[in-house]
Number of protein chains: 2
Amino acid sequence: MALHGTFGRIQAAPENFISDALIQDIRSQGLDDGRRRFLRQSFAAASAALMSGGALAADPPGGDGDPAILSLPKHSTSLGHPVAHLPYGQPSKHEANLQRRESPGLTRRRESSIAFTPLQGLFGIITPSGLHFERHHAGWHDIDPASHRLLINGLVTTPKVFSVADLMRLPSVSRLHFIECGANTAMDWGSPAVPSVQYTHGMLSCCEFTGVPLSLLLEDCGIDKKKAKFILAEGADGASLTRTIPIERALDDVIVAWAMNGEMLRPENGYPLRLVVPGVQGVCWVKWLRRIEVGDAAYATREEATQYIDLMPDGLSRQYTLIQECKSVITTPSGGQRLLDKGFFNITGLAWSGRGAIARVDVSVDGGKHWRTARLESPVLPKCLTRFNIDWVWDGKPAILQSRAIDDTGYVQPKMAELRAVRGARSVYHNNAIQSWRVEAAGEVVNVQIS
Amino acid sequence: MALHGTFGRIQAAPENFISDALIQDIRSQGLDDGRRRFLRQSFAAASAALMSGGALAADPPGGDGDPAILSLPKHSTSLGHPVAHLPYGQPSKHEANLQRRESPGLTRRRESSIAFTPLQGLFGIITPSGLHFERHHAGWHDIDPASHRLLINGLVTTPKVFSVADLMRLPSVSRLHFIECGANTAMDWGSPAVPSVQYTHGMLSCCEFTGVPLSLLLEDCGIDKKKAKFILAEGADGASLTRTIPIERALDDVIVAWAMNGEMLRPENGYPLRLVVPGVQGVCWVKWLRRIEVGDAAYATREEATQYIDLMPDGLSRQYTLIQECKSVITTPSGGQRLLDKGFFNITGLAWSGRGAIARVDVSVDGGKHWRTARLESPVLPKCLTRFNIDWVWDGKPAILQSRAIDDTGYVQPKMAELRAVRGARSVYHNNAIQSWRVEAAGEVVNVQIS
C-alpha cells in the first residue's frame with residue numbers, strides 16, 4: 001500500500017541520521033560561521049554563568065579544548081536502546097532508592113504489614129501505582145479475575161453474583177481521589193517519632209479510579225430502601241476484612257473499582273476489585289472485594305469494634321470514623337532532606353480533605369507567626385490531593401516550615417494543641433494536625449512538634 | 001513511648017487473626033443463627049441469579065455441599081505476601097499481555113523505533129508510565145541526572161547552564177496533558193491498515209507533568225523580546241533531535257519537565273528532562289532536553305524540513321505543523337475485541353483537542369446516521385484526554401460504532417471525506433478523522449473506513 005510504504009520510508013532514513021557530536025549537528029543545520037562562533041561563545045560563557053539563587057553543583061562536562069566538541073557524553077554519540085525492551089516500563093536506575101518502605105518500629109509480619117509511600121520524592125498529585133502505600137491484614141494475593149466473584153446479598157429483592165467481566169460491561173465512571181489510612185500520622189500524636197514525611201504521612205496516595213457506581217449495583221439487586229441502613233463490605237483475603245458503611249454514603253459516590261491510574265488494579269491494591277469510598281479512611285476501601293451485604297444495623301466487626309477507634313478524654317470511644325478531615329503537609333523541604341545552599345527554594349506539598357475540595361493553603365516559615373498563601377496547581381478536585389507551591393528565599397538561619405489547609409466547608413486544619421484539646425492524649429488514629437519541619441542552620445531538616 | 005507501643009499493639013494481634021474460612025469469620029462476628037442461615041441461602045440463591053444483560057460466564061466456585069464452607073479459594077484461607085516484596089510494584093501476572101507493542105509493518109531498528117500504547121485495555125485518562133508510547137530517533141539511554149545540563153543560549157542577555165538540581169529548586173507547576181505523535185493514525189489515511197486501536201491510535205498518552213515554566217527560564221536569561229521569534233529545542237540523544245517552536249508558544253504554557261505521573265520521568269520518555277508543549281505534536285516535546293536556543297528565524301532542521309510535513313493537493317507542503325486538532329476514538333468495543341453476548345455494553349473512549357477542552361462527544365452505532373451525546377468523566381481539562389462513556393444495548397446485528405468530538409472552540413472532528421477534501425490523498429501525518437469500528441453479527445469488531 002502506497003501510503004503505508006510512505007510512512008515506513010519517513011522513519012529516519014540512515015543517510016539522514018546524525019550520529020555524531022553536537023557541533024556536527026549544528027553544521028548540518030547550515031548555520032553560518034557567525035552563529036557557530038556565537039554558540040561556542042555561549043557554551044564558554046555558560047560554563048561560568050550562575051543561575052539566580054545558587055551556584056552550579058558542578059561544572060558541565062568539559063575537556064581542555066572546545067567543550068562543545070570534545071566532551072559530549074556517550075549517550076549523545078551512540079545509539080541507545082530500542083523501544084519495548086521490557087514488557088512493562090521501569091523507572092530509571094538512578095531512581096532506585098525511591099521505594100515504598102516498611103517502618104522498623106511497626107509490625108513486619110505477613111499477618112499484618114505496612115509499606116509507606118515516599119512522598120518526599122513525588123511530584124504533582126498522582127501516586128505512581130508502583131509506589132502506592134500498602135496496609136495488609138493477611139498479606140496480598142494475585143487473584144485470578146476469571147474465578148473471582150462479587151456477591152450482593154442482604155436486604156435486596158434479588159441477591160446476585162457478578163463476575164468481573166459482568167461488572168466491566170456496566171456503565172463506568174472514572175474519578176481522581178486520595179486514599180489515606182486512618183492511622184496515617186498516628187506515630188506523631190505525642191512527640192515526633194519518625195524522621196521523614198515517608199513515615200509521618202506516607203500512608204497516603206492519590207489515583208484515578210474506574211469502576212461501576214455501587215448505587216447502580218444495589219438498585220439492580222432491588223435494595224430495600226426503607227429497611228436498609230448500612231452495608232457490610234467484605235474482602236476475599238485470609239483476613240476476610242469487613243467494614244460497615246452507612247447506606248447514604250454507599251448510595252452516594254462509592255465505586256466498585258477494577259482500575260487504578262489507567263490500568264487494572266495492582267494485586268497489592270485489591271486486584272481485581274476494590275471498594276473506593278471517597279473521603280473515607282482507607283480501611284473502608286475493602287480490597288479483593290467479594291461481598292456487599294445490605295443490613296439494618298451496624299455490624300460491629302473486629303476492624304471497627306476493637307480497631308480504628310479513638311479513646312476520647314471522657315473515656316468513651318470514637319467508633320465508625322469515616323471522614324478523613326482536612327490536612328496538609330510540606331513534602332519538600334521535609335525531614336531527612338538537607339538544603340545545600342542559601343537562596344531560592346520552591347516549597348511544595350500536598351493538601352486534601354475528605355469533605356470536599358481544598359480552598360486555600362497557607363505556609364509559614366517561622367513556626368506559625370506569619371502565613372502566606374500558596375499557589376494551588378490545577379486541577380483542584382473534591383476528595384483528591386491538591387499540590388501547592390510557594391516561593392522561599394532561605395537566609396541560612398534556622399526556620400520552621402508549616403502548612404495549613406482550609407477546605408471548601410471552611411474547616412481549618414488545626415494545630416496539635418487545638419486537636420488535643422478536643423481529642424485528649426489517648427487517640428491513636430485520625431491525627432490531622434499541622435506538621436512542622438525545622439530547618440537547621442546547617443541545612444538539615446528535622447521533624448519537630450510545635451504546639 | 002506509650003503511644004508508639006499502643007499503635008504497634010493494634011496491628012492485628014495474632015489472637016484476633018481470622019485465618020480460616022468465611023463461615024468462621026461470620027461466627028466470630030457474633031451473628032445469630034438466623035443471619036447465618038440467611039447468608040447461606042443468599043449464596044445458594046446467588047449462584048442461580050442472573051445479572052441484567054447477560055448470563056454469568058461461569059458458576060461461582062462451589063463444591064457439592066455448602067458452598068460457603070467447602071469451596072473458598074486458597075487466597076481466602078491462607079496468608080498472602082507481605083508488603084514491599086519488590087522495590088517497585090508490578091501489574092498482576094494476569095495482565096501480562098497488556099504491553100506496549102511494535103508494529104510488524106513499521107521500522108524496528110535502533111535508529112528508529114516505535115512502541116504503541118494498548119489503549120484497548122486502559123481506563124480513565126491517565127496512561128500508566130510503564131505503557132506510555134515511545135518514538136525514538138536514535139534509541140533511549142538512562143542518562144545520569146547528576147551530569148546532565150540544560151543550556152539556554154541565542155538571543156538572551158546571559159546564556160546559562162542549569163543542572164537538574166538547579167531547575168528543581170525553581171518554582172514548579174504540575175499539569176495534566178495529552179501527548180500525541182503527529183504520525184498517529186497515519187496508517188489509516190487510505191484504507192484500514194491495522195487491526196486494533198493500539199495501532200490506529202496508540203501513539204497517544206496522557207500524564208501529569210511537573211517542571212518549571214520555560215518562560216521563567218527565558219526571562220531569567222534575559223530574552224531579547226524584540227528580536228526573538230522562535231526557539232530551537234535540542235535533545236541529548238544520538239539523534240540530537242531538534243525542533244523549532246514559535247516564541248509566543250514558548251512563552252505560554254510550555255514546561256521544562258522532570259516528572260511524569262508523580263515520579264521522575266522514565267528513561268524512554270526523556271529522563272531527566274523533556275519539553276512539554278501542550279496541544280502540540282509529540283516530536284516537539286524534545287526528550288533528554290539539553291539546549292534551548294532563542295533565534296529570529298525558524299531553523300528548518302531535518303525533522304521539520306523533510307519530516308513531519310504533509311504534501312497538500314496544490315503541491316505545496318504543510319510544514320511546521322504544531323496543533324493536534326480535535327479527535328476522538330472508541331477504545332471499547334474496538335478492533336480485535338469480540339462481544340460474547342447480546343445485551344448491555346458500556347461504550348467508552350477518549351477525546352482530546354490541542355486547542356483547548358472537549359465540549360461534547362457524540363456517538364453513533366449506525367455508521368453516522370444517528371448520534372447520541374456521551375457522558376464526559378471529570379475532570380475535563382484543556383489539552384488533556386477526556387474519557388467518555390455511553391450506554392448501548394446490542395441487538396446482535398451488525399453495527400458501526402463511531403465517535404465525534406467537538407472542542408470548546410466549536411471545531412467538529414471531521415469525517416474522512418471532509419478531511420481528504422481539504423488535505424488530498426498525499427498527507428501522511430495529522431489524520432484526525434472519525435474512526436469507525438464494525439461489529440459483526442458474530443461479535444467480532446473490525447477496523448473499517450466510512451467516508
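The values are calculated or read from the model by the stated rules, or taken from the named source; none is laboratory data. Not measured: the values here are computed from a predicted model. Neighbour counts run over all protein chains shown; Cβ positions are idealised from the backbone, glycine included.
What to note about this one:
- Identity of the residue in segment B:358-406, within 29 Å of A:Cys207 (Cα to Cα) and of a type in the set (Gly, Ala, Ser), that ends up surrounded by the fewest Cβ atoms within 10 Å (Cβ to Cβ): B:Ser378
- Complete set of residues in segment B:246-258 that are under 24 Å from the mean Cα position of the chain (by Cα), in a strand (DSSP E or B) and touching a residue at least 60 places away in the same chain (Cβ under 8 Å): B:Ile255, B:Val256, B:Trp258
- Some residue of segment B:149-163 being within 18 Å of the chain's Cα centre (by Cα) and in contact (Cβ under 8 Å) with a residue 12 or more places away in the chain: no
- Hits in segment A:382-400 - residues which are assigned to a loop (DSSP other than H, G, I, E, B) and closer than 30 Å to A:Gln281 by Cβ: A:Pro382, A:Lys383, A:Cys384, A:Leu385
- Looking across segment A:225-244, the residues that are touching an Asp or Glu at 6+ places or on another chain (Cβ under 9 Å) and hydrophobic (A, V, I, L, M, F, W, C) come down to A:Ala228, A:Phe230, A:Ile231, A:Leu232, A:Ala233, A:Ala239, A:Leu241.
- Qualifying residue in segment B:312-328 (condition: outside any loop (DSSP other than H, G, I, E, B) and under 22 Å from B:Gly121 (Cβ atoms)): yes
- Restricting A:Ile143, A:Ile114, A:Ile125 to those that are assigned to a strand (DSSP E or B) and buried (at least 19 other Cβ atoms within 10 Å of the Cβ) reduces the list to A:Ile114.
- Answer residue from segment A:367-386, given it is at pLDDT 95 or above and among the hydroxyl-bearing types (Ser, Thr, Tyr) and is nearest to A:Gln402 (Cα to Cα) among those: A:Thr373
- Within segment A:340-357, the set of residues being in a loop (DSSP other than H, G, I, E, B) and crowded, with 19+ Cβ neighbours inside 10 Å comprises A:Ser353, A:Gly354.
Let's see how each residue does on (1) more than 26 Å from B:Pro91 (Cα to Cα); (2) at pLDDT below 95; (3) not in a strand (DSSP E or B):
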{"position": "A:Leu176", "(1), (2), (3)": "no, no, no"}
{"position": "A:Pro192", "(1), (2), (3)": "yes, yes, yes"}
{"position": "A:Thr200", "(1), (2), (3)": "yes, no, yes"}
{"position": "A:Leu216", "(1), (2), (3)": "yes, no, yes"}
{"position": "A:Glu234", "(1), (2), (3)": "no, no, no"}
{"position": "A:Leu275", "(1), (2), (3)": "no, no, no"}
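Every residue, every condition in (1) hydrophobic (A, V, I, L, M, F, W, C); (2) at the interface with another protein chain (Cβ under 7 Å from one of its Cβ atoms); (3) touching a strand residue (DSSP E or B) at 6+ places or on another chain (Cβ under 8 Å), yes or no:
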site: B:Arg100; (1), (2), (3): no, yes, yes
site: B:Ser103; (1), (2), (3): no, no, yes
site: B:Leu106; (1), (2), (3): yes, yes, yes
site: B:Ile114; (1), (2), (3): yes, yes, yes
site: B:Thr117; (1), (2), (3): no, no, yes
site: B:Phe123; (1), (2), (3): yes, yes, yes
site: B:His136; (1), (2), (3): no, yes, yes
site: B:His141; (1), (2), (3): no, yes, yes
site: B:Ser147; (1), (2), (3): no, yes, no
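- Residues that are in a loop (DSSP other than H, G, I, E, B) and under 20 Å from the mean Cα position of the chain (by Cα), drawn from segment B:358-381: B:Ala374, B:Glu377, B:Ser378, B:Pro379, B:Val380, B:Leu381
- Top-ranked residue of segment B:70-98 - restricted to ones that are in a helix (DSSP H, G or I) and facing chain A (nearest Cβ under 7 Å), ranked as farthest from the chain's Cα centre (by Cα): B:Ser76
- Output for segment A:393-421, where each listed residue is of a type in the set (A, V, I, L, M, F, W, C) and either touching a Gly at 6+ places or on another chain (Cβ under 9 Å) or in contact (Cβ under 8 Å) with a residue 12 or more places away in the chain (or both): A:Val393, A:Trp394, A:Ala399, A:Ile400, A:Leu401, A:Ala405, A:Ile406, A:Val412, A:Met416, A:Ala417, A:Leu419
- For A:Ile292: the one exception among (1) assigned to a strand (DSSP E or B); (2) in contact with a Gly (Cβ under 6 Å, 6 or more places away or on another chain): (2)
- For segment B:430-451, residues that are crowded, with 20+ Cβ neighbours inside 10 Å and either among the β-branched types (Val, Ile, Thr) or in a strand (DSSP E or B) (or both) total 6.
- Just one of the listed residues (B:Ile406, B:Ile390) is within 25 Å of the chain's Cα centre (by Cα) and closer than 25 Å to A:Arg169 by Cα, namely B:Ile390.
- Residue selected from segment A:178-190 under the condition assigned to a helix (DSSP H, G or I) and not acidic (Asp, Glu), by the criterion farthest from A:Trp288 (Cα to Cα): A:Met187
- Residue count, segment B:289-344 (criterion: at positive phi and not hydrophobic (A, V, I, L, M, F, W, C)): 5
- Among the residues of segment B:154-174, those that are in a helix (DSSP H, G or I) and among the hydrophobic types (A, V, I, L, M, F, W, C) comprise B:Val164, B:Ala165, B:Leu167, B:Met168.
- Of the candidates A:Ser403, A:Ser427, the single residue that is small (Gly, Ala, Ser) and assigned to a strand (DSSP E or B) is A:Ser403.
Residues checked against (1) at the interface with chain B (Cβ under 7 Å from one of its Cβ atoms); (2) surrounded by fewer than 21 Cβ atoms within 10 Å (Cβ to Cβ); (3) not charged (D, E, K, R):
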position	(1), (2), (3)
A:Leu151	yes, no, yes
A:Val161	yes, no, yes
A:Cys181	no, no, yes
A:Val194	no, no, yes
A:Val197	no, no, yes
A:Gly202	no, no, yes
A:Phe209	no, no, yes
A:Glu219	no, yes, no
